[in-house]
Structure formats: C-alpha cells, structure tokens
Amino acid sequence: MSVLDLKSGIKIPGIALQIAAYRELETNGTTEDLEFDPDKHIFTFNGQILPSVTSILRKEGLTPDYSMLDPFYALRGQYVHRAAELYDRGTLDESTIDDEIAPYLVQYSKASKEFPFDIEGIEKKMRHPIYGYAGIIDRTITGNKNYVLYLTKEKYKLEECKTLRADLNVFFGALAVRKWKQANLKQEV
C-alpha cells in the first residue's frame, strides 16, 4: 500500500517528510480507538491528545507556519479536498461546486484519468501505536510508489516521493525532539 497526498496551491517544503510519516502510518498504524475532532483538528487516543504529522513538522520548523496567511487559503484547501473525496466516492453533485473550487476539481479529474490510481482508502485517519502520532492520509493506493499531487487552477503536477527512508528518519528525529521538549521543558502538544 502506498500514499497519494493532495495539495492545492503552491508547492510546500517538507511535503516528503509528511508523506513518509503517512506511509509509516499506513504500514504500521491503526484506526483502533482513535478519535478525531474535525473542528479543532485534534486526535485523541484513550483521552490523550496525539500530535498530528503536520503539527510535529510545523512546531519543529520543518515546514512553514502558515498561520499568518489569510484563512481563505486553508478553507479553500479543505473544500478542494472534500470535493476530491466526493468525486472519488462517486457521490459528488457537481452543481454544488463553488466557482472558486471548480478549476481545482477539473485538474483533479484530469490527473485521475491520466494516472488511474487504484484507491484503497480515502481520508484515512490513523494513529501509530508505538510512536504516538496521528494523521489523515488523503489516499492510500495500491503499489509501491508514493506521490504528491499538486493542484492549481490551471494545471496539476504529480511527483513521486523517492527518499522515503531518509525522510522518515528526519520525521522521527523531529518527533523525538518534540517528545524531549515535552518531557524536559513541559511544552504543550
């Protein structure tokens, strides 16, 4: 099983680290007893908050902090993801798609036709039982190659992530630093 991650907008640094962490979740993770609050984007297991893949990378400085950007862009990304999810599930009512989201969906549709991935899972929420982190995998696909699909209004670009082992080591390093800070500096999750 492999990972396909969707990104709407610009190419962001650190995405390969995110995909490596998701691939590890897909390989060794579980959905058992994982709870997710979509409004706060918080994962919990047995009442304890689990750090998300993106929060680990952001707090350790491995991806940019986009909190200062206009919230419009985050919301647009959520809507693009939702439209793509409904498209893949075959339940999308295209008459409900906002004009701002439609061009991204057109690009997603083109990519889906030109690279017909065999999708096994959609928006899969998982936790790692050993390393104690969680995330939402956009798509799990058959095969042994992992990809990021960048979507803009005008085009799409599919990139294979080829440095998974090295990227996973960097992610685990960030996770270890985060846990050390929590234990020694009493920082929040």
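The values are calculated or read from the model by the stated rules, or taken from the named source; none is laboratory data. If you're wondering where the values come from, they're calculated on a predicted model, not measured in any experiment. Here the Cβ is made from the backbone with ideal geometry for all residues, glycine too, and neighbour counts use every protein chain on show.
Whenever a residue of segment 108-130 is free of Cβ contacts under 8 Å to residues at least 24 places away in the same chain, its partners that are in a helix (DSSP H, G or I) and surrounded by 15 or more Cβ atoms within 10 Å (Cβ to Cβ), lying with C-beta atoms within less than 7 angstrom and at least six residues away or across chains, give the pairs Ser109/Tyr87. Restricting to segment 28-41, and then to whatever is modelled with pLDDT under 95 and under 15 Å from the mean Cα position of the chain (by Cα), can you tell me which residue is nearest to Lys179 (Cα to Cα)? Result: His41.
Thr44 versus (1) within 13 Å of the chain's Cα centre (by Cα); (2) in a strand (DSSP E or B); (3) among the polar types (S, T, N, Q): which is the lone unmet condition? Thr44 satisfies every listed condition except (1). Which of the residues spanning segment 150-178 are farther than 14 Å from Val3 by Cβ, of a type outside the set (D, E, K, R) and in a strand (DSSP E or B)? Hits for segment 150-178 are Tyr150, Leu151, Tyr156.
Being buried (at least 19 other Cβ atoms within 10 Å of the Cβ) and either of a type in the set (Ser, Thr, Tyr) or out of contact with any Lys or Arg (no Cβ under 6 Å at 6 or more places or on another chain) (or both), is that true of even one residue in segment 37-47?
So far as segment 37-47 goes, yes, one or more of its residues are buried (at least 19 other Cβ atoms within 10 Å of the Cβ) and either of a type in the set (Ser, Thr, Tyr) or out of contact with any Lys or Arg (no Cβ under 6 Å at 6 or more places or on another chain) (or both).
Every condition in (1) closer than 15 Å to Ile137 by Cα; (2) surrounded by fewer than 21 Cβ atoms within 10 Å (Cβ to Cβ); (3) among the polar types (S, T, N, Q) is met by Ser2 except one, and the failing one is (2). Number of residues in segment 133-158 that are surrounded by fewer than 16 Cβ atoms within 10 Å (Cβ to Cβ) and of a type outside the set (A, V, I, L, M, F, W, C) equals 9. Looking across segment 103-124 at every residue that is out of contact with any strand residue (DSSP E or B) (no Cβ under 7 Å at 6 or more places or on another chain) and surrounded by 13 or more Cβ atoms within 10 Å (Cβ to Cβ), the one that is nearest to Lys153 (Cα to Cα) is identified as Pro103.
So how many residues does segment 1-23 have that are part of a strand (DSSP E or B) and more than 12 Å from the chain's Cα centre (by Cα)?
Kept after step one, since they are part of a strand (DSSP E or B), are these residues of segment 1-23: 2-8.
Now drop any that are not more than 12 Å from the chain's Cα centre (by Cα), which leaves 2.
Total meeting the criteria: 1.
Candidates in segment 50-74 are the residues that are within 15 Å of the chain's Cα centre (by Cα) and outside any loop (DSSP other than H, G, I, E, B); of these, the one that is surrounded by the fewest Cβ atoms within 10 Å (Cβ to Cβ) is Ala74. Return only the number of the condition from (1) closer than 24 Å to Gly29 by Cβ; (2) aliphatic (A, V, I, L, M); (3) within 20 Å of the chain's Cα centre (by Cα) that Ile101 does not satisfy. All conditions pass for Ile101, except number (1).
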